[in-house]
Structures are given as C-alpha cells and as structure tokens.
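**Q** One structure, as structure tokens, below. Some questions next.
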Amino acid sequence: MDLDAVRTFVAVADEGRFHEAAAELGITQQAVSKRIAALETQLGVRLFTRTARGALLTIDGQAFLPHARAVLDAVRRAADSVHPGRRALRVHVLGRRIAPTGLLQDFHRRHPDIDLDVVTLPNAEAATAAVHAGTIDAAFHTQRVPASELPGPVATMRVYDEPLELLVGPAHDLAAARTVTPAQLAGRRIWMPGNTTGSEWAGYYEELAADLGLVIDIAGPHFGVEHLVDMVSDSASLATLVGARTRLVWTAHQDLRRIPLRHPTPIYPHSLIWRTDNTHPALATLREYLGRQWEDRPRTDIWSPSWA
C-alpha cells in the first residue's frame with residue numbers, strides 16, 4: 001500500500017477539504033486527488049464524497065480511517081526505533097519492587113522529559129544478552145561477572161550499594177530494636193523461600209550467611225511476597241531480610257518492622273551495563289545521574305560479597 005496515499009487520505013479526513021490537505025502536505029490539489037483516486041482503486045471502494053461543505057468520509061472511509069492512522073503510527077515508531085534520540089530509553093530491572101526500579105523512578109522525577117521503557121527479563125544472563133544484541137539500552141544487575149568477561153562492547157559501572165534490613169512481625173523479640181547486628185541473628189531463622197538455587201541473589205545470600213554466621217532457610221514453597229509478609233507478621237520467631245529500597249506494603253494489623261543492620265551493614269551491590277557504542281542521548285544522562293548517587297554510598301563498616 002502506498003504510504004503517501006494513506007498519509008494523504010488521513011490529511012483529507014482531518015482537514016475536510018482537498019485543497020487544505022494539499023497545503024498541509026505541501027503538494028498540489030491535483031496530486032491529492034490522484035493519490036486518493038489511486039487508493040480508492042486499490043481498495044475497491046469510495047473513501048470520500050465531495051459536497052459543497054467539503055470532502056466527507058463515506059462509510060467505508062470511516063471504517064478505513066482508524067486503520068490508516070495505525071499504519072502511519074507504526075511507520076513512525078519503526079523509524080524512531082533506529083533514531084535513538086526519538087525513542088524511549090529501554091532499561092531492564094529484575095523486579096518492580098526492588099531498588100533499581102526506585103532508582104529509575106528517582107531519575108524520572110529528575111528528568112520527566114526523558115521517555116523510559118522499563119522492561120523485566122528473567123535473569124542477569126538474559127539482560128546481558130539483550131544489551132549485547134541491542135534490544136535494550138541498559139540493564140541493572142549484580143556485578144558477579146567481571147567487566148573483562150562481558151561480551152563485545154558491553155561496559156559496566158557500580159551504581160548503588162543497597163543496605164539490608166531485617167523484617168520482623170510485632171511479636172518478634174527484636175521488634176523494638178532500633179538497629180540489629182548480624183551477630184544478634186546467629187541461630188535465628190531467617191526465611192527466604194524466594195532464593196532460587198543458582199540465581200544471582202541466592203549466591204549473594206549464601207556468601208553472606210557463610211561470612212557472618214547466619215542460617216538462611218530457603219525451604220518453600222514460595223507463594224510470593226504477600227505470603228512471606230503474612231507469615232512473618234504472624235510469627236514470634238520468623239524473620240527475613242530485605243533491601244532498604246525494596247517496596248513492601250502491609251496492613252496496620254500486620255504491623256511489620258524494618259530494622260537496619262549495623263556493625264557491619266551488609267550491602268547488596270547493583271550495577272548498570274550498556275553497550276559502549278550506544279548513542280542514545282538519554283543513556284549518558286542516566287549514567288551521569290547514577291554516578292552521582294554512587295558517590296554518596298556508605299564507605300565504612302560495611303560487608304560486601306567477594307565478587308563486588
């Protein structure tokens with residue numbers, strides 16, 4: 001189908017007159033008439049009825065109009081996809097509740113003019129592959145893979161060290177504590193059923209437990225965050241660990257407590273990866289913004305995994 005003819009059809013429908021559509025498109029009225037006639041011949045229907053009031057859409061024209069607009073919109077989006085400054089910046093986060101999503105929300109509040117497309121891929125490996133393939137512009141992940149082992153022109157930078165917090169219910173004997181040390185958690189049940197064996201976060205918590213003498217129970221089944229919150233809120237002994245920027249919602253009846261860990265403070269490292277040859281202008285703005293946040297990180301009395 002001739003896109004110029006489709007574009008001309010939409011212009012006539014919007015303007016209501018052939019000569020006004022010609023002025024809008026910067027062509028002659030004769031050219032408008034020829035394009036409409038060719039499109040009507042191709043479709044086998046009349047699209048307009050000429051009257052003293054102008055060009056009126058026929059029933060077939062009315063039916064065709066929304067599809068014509070969709071075609072032109074698809075063409076525009078296709079062109080924008082290869083012009084980085086005219087499309088959304090595509091960024092992967094592993095989940096909608098966790099710290100990287102909060103970082104992106106902060107970035108969006110600071111730069112509301114930048115269009116973001118936030119996507120969620122299954123794991124760090126899939127995100128790295130998508131960055132390398134160019135299907136996304138950047139991805140948050142943990143820095144378990146050294147920069148030297150990333151594929152091709154993919155670079156990485158550390159962007160956020162997220163402190164961990166203890167989550168307990170109101171009946172737990174630590175519920176009134178303002179802070180808790182890892183040593184105080186020795187021998188207590190820390191339940192984290194979402195720590196899938198082999199996942200990037202499970203490896204982090206395995207090293208954390210080994211270094212700080214914790215026992216982390218990953219026994220399932222895992223029914224999701226809401227179920228975990230229910231179980232912790234109803235227990236006098238059950239606790240779990242969450243990132244300081246992990247978003248959780250609970251009722252007043254559940255009355256959960258988030259208690260910072262100190263001496264040392266375990267931190268969960270978040271990094272950003274991107275292709276060094278990606279020219280999207282918003283990517284540079286995002287990296288600059290995250291770099292400034294990284295400068296404000298805690299520097300002393302912290303625990304971090306060996307691969308960080």
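**Q** Given 258, 247, which one is assigned to a strand (DSSP E or B) and surrounded by fewer than 20 Cβ atoms within 10 Å (Cβ to Cβ)?
**A** Sole residue among the options that is assigned to a strand (DSSP E or B) and surrounded by fewer than 20 Cβ atoms within 10 Å (Cβ to Cβ): 258.
**Q** Determine if segment 130-153 includes at least one residue that is at pLDDT below 90 and part of a strand (DSSP E or B).
**A** Looking for residues that are at pLDDT below 90 and part of a strand (DSSP E or B), one finds at least one in segment 130-153, hence yes.
**Q** OK, next. Within segment 226-244, which residues are assigned to a loop (DSSP other than H, G, I, E, B) and out of contact with any strand residue (DSSP E or B) (no Cβ under 8 Å at 6 or more places or on another chain)?
**A** Answer for segment 226-244, where residues must be assigned to a loop (DSSP other than H, G, I, E, B) and out of contact with any strand residue (DSSP E or B) (no Cβ under 8 Å at 6 or more places or on another chain): 234, 235, 236, 237.
**Q** Could you say whether any residue in segment 104-120 is out of contact with any helix residue (DSSP H, G or I) (no Cβ under 6 Å at 6 or more places or on another chain), assigned to a helix (DSSP H, G or I), crowded, with 18+ Cβ neighbours inside 10 Å and outside the structural domain of residue 243 (by TED's automatic domain parsing)?
**A** yes
**Q** So, one more: Given the residues 211, 173, which is the only one that is in a loop (DSSP other than H, G, I, E, B) and of a type outside the set (S, T, N, Q)?
**A** 173
**Q** Output the number of residues of segment 189-247 satisfying the condition of being basic (Lys, Arg) and over 22 Å from residue 96 (Cβ atoms). Show your work before the answer.
**A** Pass one, segment 189-247, residues basic (Lys, Arg): 189, 245, 247.
Subsequent filtering for residues that are over 22 Å from residue 96 (Cβ atoms) retains 189.
Going through segment 189-247 one residue at a time, the tally reaches 1.
**Q** Among the residues in segment 73-93, are any outside any loop (DSSP other than H, G, I, E, B), under 23 Å from residue 248 (Cα atoms) and either of a type in the set (Ser, Thr, Tyr) or without any contact (Cβ under 8 Å) to a residue 24 or more places away in the chain (or both)?
**A** Within segment 73-93, none of the residues are outside any loop (DSSP other than H, G, I, E, B), under 23 Å from residue 248 (Cα atoms) and either of a type in the set (Ser, Thr, Tyr) or without any contact (Cβ under 8 Å) to a residue 24 or more places away in the chain (or both).
**Q** Scanning segment 177-192 for residues that are part of a loop (DSSP other than H, G, I, E, B) and touching a strand residue (DSSP E or B) at 6+ places or on another chain (Cβ under 8 Å), which turns out surrounded by the fewest Cβ atoms within 10 Å (Cβ to Cβ)?
**A** Taking segment 177-192 first, the residues part of a loop (DSSP other than H, G, I, E, B) are 177-179, 181, 186-189, 192.
Remaining after also requiring touching a strand residue (DSSP E or B) at 6+ places or on another chain (Cβ under 8 Å): 177-179, 181, 188-189, 192.
Details: 177: 15, 178: 7, 179: 14, 181: 14, 188: 17, 189: 14, 192: 19.
Looking at residues that are part of a loop (DSSP other than H, G, I, E, B) and touching a strand residue (DSSP E or B) at 6+ places or on another chain (Cβ under 8 Å), I get 178.
**Q** Right, residue 246: at pLDDT below 90, of a type outside the set (A, V, I, L, M, F, W, C) and on the phi < 0 side of the Ramachandran plot or not?
**A** For residue 246, the condition - at pLDDT below 90, of a type outside the set (A, V, I, L, M, F, W, C) and on the phi < 0 side of the Ramachandran plot - is not met.
**Q** Are any residues in segment 279-308 touching a residue at least 40 places away in the same chain (Cβ under 8 Å), part of a loop (DSSP other than H, G, I, E, B) and over 18 Å from the mean Cα position of the chain (by Cα), and if so, which ones? Lay out the reasoning, then the answer.
**A** We begin by selecting, within segment 279-308, every residue touching a residue at least 40 places away in the same chain (Cβ under 8 Å); these are 279-283, 285-287, 289-291, 293-294, 297-298, 302-308.
Next, only the ones that are part of a loop (DSSP other than H, G, I, E, B) stay: 279-280, 297-298, 304-308.
Within segment 279-308, 279, 297, 298, 304, 305, 306, 307, 308 meet the criteria.
**Q** What pairs come up if the first residue lies in segment 31-57 and is in the same structural domain as residue 14 (by TED's automatic domain parsing), the second is in a loop (DSSP other than H, G, I, E, B) and of a type in the set (Val, Ile, Thr), and their beta carbons are under 9 Å apart, counting only those six or more places apart or on different chains?
**A** Pairs found: 35/27; 45/58; 46/58; 47/58; 48/58; 49/58.
**Q** Which of the residues that make up segment 1-32 are small (Gly, Ala, Ser) and surrounded by 18 or more Cβ atoms within 10 Å (Cβ to Cβ)? Quick ask: steps written out before the conclusion?
**A** Within segment 1-32, the subset small (Gly, Ala, Ser) is 5, 11, 13, 16, 21-23, 26, 31.
Passing the criteria: 5, 11, 13, 21, 22.
The values are calculated or read from the model by the stated rules, or taken from the named source; none is laboratory data. Here the structure is a predicted model, which is why all the values come from computation and not from measurement. Note that we place each Cβ from the backbone using ideal geometry, even for glycine, and neighbour counts take in every protein chain shown.
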